[in-house]
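Just so it is clear, none of the values below were taken in a lab; they were calculated from the coordinates. None of the values given here were measured: they were computed from a predicted structure. Here the Cβ is made from the backbone with ideal geometry for all residues, glycine too, and neighbour counts use every protein chain on show.
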Amino acid sequence: MILQRCTGCDKRCETKPFSTTFAWRRADLVRVAWRAILCMPCYIAKVVPLDFDMLADARLTCPSCHIDTEDDFDAIYVTSFIPSYGKRQIQAPFCGACAAHYRIWVQEHAVLLQDSVGAAGGPYSDVLPEEVLRSLGITTGGAA
Ligand SMILES: [Zn+2]
Ligand SMILES: [Zn+2]
């Protein structure tokens, strides 16, 4: 038993918790990041469904409702520190409705990280997740 409580279910964690950050861009394009401390059942329930291998030539699909989001996704970026594994980064191409639904859960169960919001040029504001995607050859939305 660990003293720390899971921010997902508010129970004390049975095993070392998974420190997980959820990040996305708001409608006004400001990046926000939220930190959760998740027990293993909460991690399995909320994060593992987002963590699947995409085939290189497959179209993107929403990890929640599985509709095609190739041309219009609303991404949520998840970074987890998994005990005895290390860092795991996930990019989830949600559809708009499922992204909104997922973000409500995050906002209710995680803590907003003020220091990395980057509204005024914080340390993480120069590299946008979209730019990372673009550098990997993935175009986002319809913009050239
Ligand atoms: Zn939990
Ligand atoms: Zn969806």
Quiz prompt | Candidates per trypsin sites (Lys or Arg not before Pro) in segment 1-55, loop by DSSP, up to 16 other Cβ within 10 Å | solution = 11, 26
Quiz prompt | Nitroxide proxy distance, nm - points 7 Å out along Cα→Cβ at residue 133 and residue 105 | solution = 2.0
Quiz prompt | Proxy reagent accessibility, fewest Cβ within 10 Å first, across 69, 20 | solution = 69, 20
Quiz prompt | Contour excess over end-to-end distance, with Cα ends at residue 26 and residue 114 and 0.36 nm allotted per residue | solution = 30.2 nm
Quiz item: In nm, to one decimal, how far is the residue 51 label point from the residue 14 one, both placed 7 Å along Cα→Cβ?
Solution: 1.7
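So what's segment 41-81 giving for Cα Rg divided by 2.2 N^0.38 Å, two decimals?
Values: Rg = 11.3 Å, N = 41, 2.2 N^0.38 = 9.0 Å.
Output field value: 1.25.
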Quiz prompt | Charge tally in the Cβ shell below 15 Å around residue 4, where Lys, Arg are +1 and Asp, Glu are -1, residue 4 excluded | solution = +3
